[in-house]
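Here's the structure, in structure tokens; my notes come after.
Derivation of every value follows stated rules applied to the coordinates shown; laboratory data play no part. No experiment lies behind these values; they were computed from the predicted model shown. All Cβ positions, glycine included, derive from the backbone under ideal geometry; neighbour counts span all protein chains shown.
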Amino acid sequence: KQEVTQIPAALSVPEGENLVLNCSFTDSAIYNLQWFRQDPGKGLTSLLLIQSSQREQTSGRLNASLDKSSGRSTLYIAASQPGDSATYLCAVFSGGYNKLIFGAGTRLAVHP
Amino acid sequence: DTGVSQDPRHKITKRGQNVTFRCDPISEHNRLYWYRQTLGQGPEFLTYFQNEAQLEKSRLLSDRFSAERPKGSFSTLEIQRTEQGDSAMYLCASSWRRGSGETQYFGPGTRLLVL
């Protein structure tokens, strides 16, 4: 059974810090991994998608890496800003499950 | 706008009432998913359709829940005899499945509160 864990559950940092969010999954047979952002009471916004054959993806100040063999992914946020405050969710997709399986998220607060 | 849309965005109902939610996927997408998210948790899979066929249902989907996707276009999720435990955000996502792997695009969700 695929399980996804995100650490830490919550994080509070001052503006400008570089930070790393961690995601681990138990079954390495995945097709891809997605990182999402969710603002309070809102839907999910896809940030980055990494195919199983890729090692990393970058978008602006965000960089996501994938180590499929060890079942880990990290989301790196450079020069954090108060507007980055949100919950960040990691999800894996594998054919055997035909669905996204999510972690519980990391709640990020960036204070001025 | 060609994104996924959901209606209504918010629903307050009394225990025992029936509610129905609608999801309009991105038009060319052949897969449609429903997820449920409770406070402080990640979304959990409920069911999905490929075109009009419902291919999988989670054990979370009790007999009070039913979903349809007539003609492989929009989808509805109905909850009969609502219970307070049904209070959650219901999220819809769509994708184009071709070969292995896919990217799911999510709608804004319907927040349900059962009093």
>> I'm trying to understand the selection: among the residues of region B:65-96, which are surrounded by fewer than 18 Cβ atoms within 10 Å (Cβ to Cβ) and not small (G, A, S)?
In response: B:E68, B:P70, B:K71, B:F74, B:T76, B:E78, B:Q80, B:R81, B:E83, B:Q84, B:W96
>> Can you find, within region B:56-83, the residue that is nearest to the other protein chains (Cβ to nearest Cβ) among those that are under 25 Å from B:N30 (Cβ atoms) and acidic (D, E)?
In response: B:E56
>> Which residue is surrounded by the fewest Cβ atoms within 10 Å (Cβ to Cβ), if the candidates are limited to region A:33-47 and must be more than 9 Å from chain B (Cβ to nearest Cβ) and aliphatic (A, V, I, L, M)?
In response: A:L47
> Is it the case that some residue within region A:2-18 is surrounded by 20 or more Cβ atoms within 10 Å (Cβ to Cβ), touching a helix residue (DSSP H, G or I) at 6+ places or on another chain (Cβ under 7 Å) and more than 14 Å from chain B (Cβ to nearest Cβ)?
Replying inline: no
> Any idea which of A:D27, A:D67 is of a type in the set (D, E) and in contact (Cβ under 8 Å) with a residue 24 or more places away in the chain?
Replying inline: A:D27
>> Need pairs with beta-carbon distance below 7 Å; first residue within 10 Å of another protein chain (Cβ to nearest Cβ) and within region B:84-97, second charged (D, E, K, R); sequence gap 6+ or separate chains.
In response: B:M89/B:R111; B:S95/B:R31; B:S95/B:E102; B:R97/B:R31
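If you check A:I50, A:I30, which single one turns out to be crowded, with 18+ Cβ neighbours inside 10 Å, touching a Ser or Thr at 6+ places or on another chain (Cβ under 8 Å) and assigned to a loop (DSSP other than H, G, I, E, B)?
When all the criteria are applied, what remains is A:I30.
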>> Every residue in region B:22-44 that is buried (at least 21 other Cβ atoms within 10 Å of the Cβ), closer than 24 Å to B:S87 by Cβ and not hydroxyl-bearing (S, T, Y), please.
In response: B:C23, B:L32, B:W34, B:R36, B:Q37, B:G42, B:P43
> In region A:78-104, which residues are more than 7 Å from chain B (Cβ to nearest Cβ) and outside any strand (DSSP E or B)?
Replying inline: A:A78, A:A79, A:S80, A:Q81, A:P82, A:G83, A:D84, A:S85, A:G96, A:Y97
